[in-house]
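To start, the structure under review is shown below, and the notes come after it.
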Amino acid sequence: METLKERLNQKRLRNAFFVAKEVLSETNLIPTFMEAIDYLVLFVYFAGMAAIGIWAMKQVKVQEDYFMGGRRFGKLFQTFAAFGAGTGSADPVNTARGTFANGMSGMWGVMYWLFVTPMYWISAVWYRRMRCLTLGDWFVERYQSKRMGVAYAIFGCFYYMVYGAMLFTAIGKVSVPLVGPELFGVQTEYVLVPVVAIVVTLYGVLGGIAAAYWTDLIQGVCIILLSVLLIPFGLNAVVEKFGSPSDSWTDGFRIMHEQLPASNFTILGGDAASEFPLYAIVVIVIMNMIGIALTPHFIVTGGGTAKSEQDARIGLVTGNFIKRFCTIGWVITALIVLTLFGDDMALMKDADMAWGTATKELLGPLGIGLVGLMLACLLAALMSSVDCYMLVCSALVVRNFYVPFINPQAGEKECLLLGRATGGIVVLGAVVISVTMLDMFKQLELTWVVPMTFAALFWVGMFWRRATTKAGWITIVFCILTFFVLPRLIPAVAPNLRTAPELVQSNLKTETGGGKSIYWSGGLQENEGTLTGVGSFRFDMLAYEKIPGVDLTAVSNAALKTLEFPFKIIAPFLVMILASLLTKPNDKKALDRLYVKLKTPVDPVPEIDQAEIEKSYAQPDRFDKNKLFPNSNLEFQRPTKYDVVGFLTCFALCFAIIGIVLLVARIGT
C-alpha cells in the first residue's frame, strides 16, 4: 500500500501540472480543450518509443543487424512490419477526405491496394531469394552497373521524402482541429511535425530495423485501436443529434441512411462528380501493382528480413489484409463525420481535417485522455512507416553510393554511422516537403507516378534475360523527361501555348463540378479576358485527340484524371523492350548467377543456405526444368500447387472484404 507521503507527493505533482497547464493556456501557448491526461498519454508514448530505440541499439553489431535485423524475424513480426510500413497516418485521413467528398466510394483512395494483395503471396518469395541488403543491390547485379545502384538510391530517397511528407502532412491536418492553428505561438504544423520527426529519427537511427519492428508491433495495435475508437462515440452523437429519446447508439446506422443520400452508400462512383468510378479504380490498381513491387522498402518488409520464405509470405499477406479490415473502420468513421459535419464550410473547403474535427468534437468533451490516445495512434501510424523508409534510404546510400564510389574499404562502424546520419537527413527532407506542400492528394498522386521511372527495369529485368543496361538508362531518361521535365520545359520555351485557344479547353461542366483544365495541371485562369493555362503541360493528352470518337471536353473529372495514367504505365515498357532489342545483351555468366539464385529456395539456416547457393552457381541450369517457356530468354517459372492455392485464397479474401463492405453499407436499411 502506498504511504500517505507518497499520496501527498503525487497530489502535489498533479497540482503542479494543472497549474502549469492553466498558466500556459492563459498565455495562449497551448489549447484549452486538451486535458493534462492527453499530454501524459503522448509523453508516455514518445518515451516508450525512444526507450525501445536505445535498447535495440545494443543489439546492432554489423550492417545486416542494422538494415535487416539479421534476417531472423518470424510471422508475427513480419506481419506487423508489413502492416506498419503499409499503414501511414495519411491512410485514415485520406479515407475520411475521400468519403467526405464521394461517400463510401471514397474508400478507394486507400482500398485500391486490396487487389494488389494476392500478388504479395508470390512476390514475397522474390525478395527473400534475392538475398540482398537493398533493392539497389539487385539492380546493380541485374544490370551489372554500380551507377544503376546510385540512380536507384536517388529515386528511393526522393520517393520516401515525398511519401514521408504525405504522412507528416496528415498529422498536421489532424492536429489543427485538435490543438488549434497555433501551438506555443507558432503554426501547429511547424511545431508538431518536427517533434514527431525527432522522436522517429531517435529510435530508428539508434536501433535500426529491430527497433522499427518492435515499435511496429506496438504501433500496429494502436492503429487497429485508431480504426474503431471513434465509431461508438460517433454513432451515439448521431443519435443525440438526429434521433429520438428511445433510440440506442446502434440506431445511428439507420439514422445515417435517413440523413445522407443513397449515393453515399455505394462503393463505386456512378455520377460525373465521383473520383472513383470502376475504370479509375482498375487503372489505379494496375499502376500501383506495377509500382509497389520495386519500392525500396519491399526488400525489407516484403520478405527480405524473414527467417524463411513461408514467414515472408504469411507476414506480408496477413499484414496487408489487416490494413484492409482497418479501412472499413475508417470508412464508417468518415460516414459518421459526413452525417454530423457535412454542412461545415471549413471541412467542405479542406476535407483533410475531417478526422481531426471528429476527434475533437466526439472525444474532446469526455476529458479522459482519448484525444491524446487518438493523436498517439495517428503518430503510431506515421512512425511505423517513416522508421522503415528512413532505414531503407540509409541502406541505399551506404551500400549503393558510399561504399562503391567513396570508400570501398569502409568498415562496419563507419557504415553504421553514415547510415544513421543519412536516415536523419531523409526525415528532414520529408519534413521540409511537408511544410511547403500541404496538399495530401497531390502528394499521393506523385507517389503513384514516381515509381514508374524504374518499373519497366524491374519487371522486364526480372523475367526477360534480353533486358540490357543501356536500355535501362534510356528508359530512365525517357521517364524523367516525359514525366517531369518536358511538361515544365515546353511552356517555358513556348509560353504562347498557355493561351492557345485549342489548349485552354475544359471538360464537361456539371451542376456538381467540372470545368477542369484538359491540358494544364494547375487549371485555367482568366487574365484581362484571356484564358491562360497554369502549371505543367499535359502534352500526352494530345494523343487522345487522334482517337476517333474521343472528345475530351465531354468526359467527367474522373475520366480526365484517369487518362493521365495509361501513358505513364505503358510507354516505359515499350521503350525498355525496344531499346533492349537494339542494344548489346548483358553478360550471360552474370545473368546465370542472378537467375539461378532467384530460383534457389531459402534455407532458414544461413550455412545450409550458402551451400545451396554455391551448388546453384556451379550448376546454373539446376532449375531449368521448372521454366514455363523452355529454351527461351523468358524466366517465368511454373507455379507450384502452393503458389496457386495461396494466390486464389488471397483473391477470394479480397472479394470477401468487398462483401463485408457491402454488408456494412446496408446496416440500418
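The values are calculated or read from the model by the stated rules, or taken from the named source; none is laboratory data. Not measured: the values here are computed from a predicted model. So basically every Cβ, Gly included, is an ideal-geometry build from the backbone, and we count neighbours across all protein chains shown. SASA here: full protein model, heavy atoms, side chains in, ligands and nucleic acids out. Shrake-Rupley method; radii C 1.70, N 1.55, O 1.52, S 1.80 Å.
Of note:
- Wholly enclosed helices (runs of 4 or more DSSP H) of the range 447-557 bearing at least 1 residues more than 30 Å from L582 (Cα to Cα) and in contact with a strand residue (DSSP E or B) (Cβ under 7 Å, 6 or more places away or on another chain): 486-493
- Selection of the range 628-643 for residues being assigned to a helix (DSSP H, G or I) and either surrounded by fewer than 14 Cβ atoms within 10 Å (Cβ to Cβ) or touching a Cys at 6+ places or on another chain (Cβ under 9 Å) (or both) yields K641, Y642.
- Condition met for K625 (outside any loop (DSSP other than H, G, I, E, B) and open to solvent by less than 80 Å² (accessible area, probe 1.4 Å)): no
- Candidate set from the range 150-179 (those that are among the aromatic types (F, W, Y) and open to solvent by 10 Å² or more (accessible area, probe 1.4 Å)); member that is farthest from the chain's Cα centre (by Cα): F155
- Against the list (1) farther than 30 Å from V238 by Cα; (2) within 25 Å of the chain's Cα centre (by Cα); (3) not aromatic (F, W, Y), the condition S308 fails is (2).
- In the range 398-424, the residues that are β-branched (V, I, T) form Cβ pairs under 8 Å with partners that are in a helix (DSSP H, G or I) and open to solvent by 40 Å² or more (accessible area, probe 1.4 Å), at six or more places apart or across chains, as follows: V398/L418.
- Hits in the range 231-250 - residues which are under 36 Å from the mean Cα position of the chain (by Cα) and open to solvent by less than 40 Å² (accessible area, probe 1.4 Å): I231, G234, L235, A237, V238, V239
- Counted residues, the range 553-612 - those being basic (K, R) and open to solvent by 40 Å² or more (accessible area, probe 1.4 Å): 5
- Only one entry in F565, F573, F629 is of a type in the set (F, W, Y), modelled with pLDDT under 95 and within 32 Å of the chain's Cα centre (by Cα), namely F565.
- Residue-level check: of (1) in contact with a Ser or Thr (Cβ under 6 Å, 6 or more places away or on another chain); (2) open to solvent by 30 Å² or more (accessible area, probe 1.4 Å), Y190 misses just (1).
- Lone qualifier among I667, I608, I658, I613 - being among the aliphatic types (A, V, I, L, M) and in contact with a His (Cβ under 9 Å, 6 or more places away or on another chain): I667
- The condition of being open to solvent by less than 10 Å² (accessible area, probe 1.4 Å), under 18 Å from the mean Cα position of the chain (by Cα), modelled with pLDDT under 90 and not aromatic (F, W, Y) holds for G291.
- Residue within the range 157-168 that is of a type outside the set (D, E, K, R) and assigned to a loop (DSSP other than H, G, I, E, B) present: no
- The residue pairs whose first member lies in the range 645-663 and is in contact (Cβ under 8 Å) with a residue 24 or more places away in the chain and more than 30 Å from F253 (Cβ to Cβ), whose second member is open to solvent by 50 Å² or more (accessible area, probe 1.4 Å) and not in a helix (DSSP H, G or I), and whose beta carbons are closer than 9 Å, counting only pairs six or more residues apart or on different chains, are F647/P639.
- One residue stands out among those in the range 417-430 that are hydrophobic (A, V, I, L, M, F, W, C) and surrounded by fewer than 21 Cβ atoms within 10 Å (Cβ to Cβ): the one that is nearest to A395 (Cα to Cα), which is L418.
- Any hit, the range 497-517, residues being basic (K, R), open to solvent by 50 Å² or more (accessible area, probe 1.4 Å) and more than 32 Å from the chain's Cα centre (by Cα): yes
- Pair list, Cβ < 6 Å and 6+ apart or interchain, from the range 244-256 residues that are under 13 Å from G668 (Cα atoms) to residues that are surrounded by fewer than 19 Cβ atoms within 10 Å (Cβ to Cβ) and of a type in the set (F, W, Y): I255/F242
- Qualifying residue in the range 370-377 (condition: in contact with a Leu (Cβ under 6 Å, 6 or more places away or on another chain) and open to solvent by 10 Å² or more (accessible area, probe 1.4 Å)): yes
- Scanning the range 132-149 for residues that are open to solvent by 10 Å² or more (accessible area, probe 1.4 Å) and more than 20 Å from R465 (Cβ to Cβ) yields L133, K146, R147.
- Residue match in the range 33-46 (condition: within 26 Å of L192 (Cα to Cα), assigned to a loop (DSSP other than H, G, I, E, B), open to solvent by 50 Å² or more (accessible area, probe 1.4 Å) and modelled with pLDDT under 60): yes
- When residues in the range 251-267 are screened for being modelled with pLDDT of 85 or more, in a loop (DSSP other than H, G, I, E, B) and open to solvent by less than 30 Å² (accessible area, probe 1.4 Å), 1 of them pass.
- Of the residues making up the range 558-609, those that are of a type in the set (A, V, I, L, M) and not in a helix (DSSP H, G or I) are L563, L582, V602, V605.
- Close pairs (6 angstrom Cβ cut-off, 6 or more residues apart or separate chains): at positive phi in the range 359-387, part of a helix (DSSP H, G or I) and among the aliphatic types (A, V, I, L, M) anywhere: G369/I37; G369/V41
- Just one of the numbered conditions (1) closer than 30 Å to S105 by Cβ; (2) under 19 Å from the mean Cα position of the chain (by Cα); (3) hydrophobic (A, V, I, L, M, F, W, C); (4) open to solvent by less than 10 Å² (accessible area, probe 1.4 Å) is not true of I433: (4).
- Where a residue in the range 617-635 is farther than 18 Å from R142 by Cβ and its partner, wherever it lies, is of a type outside the set (F, W, Y) and open to solvent by 50 Å² or more (accessible area, probe 1.4 Å), with Cβ under 6 Å and at least six apart: N626/Q637; N626/R638; L628/R638
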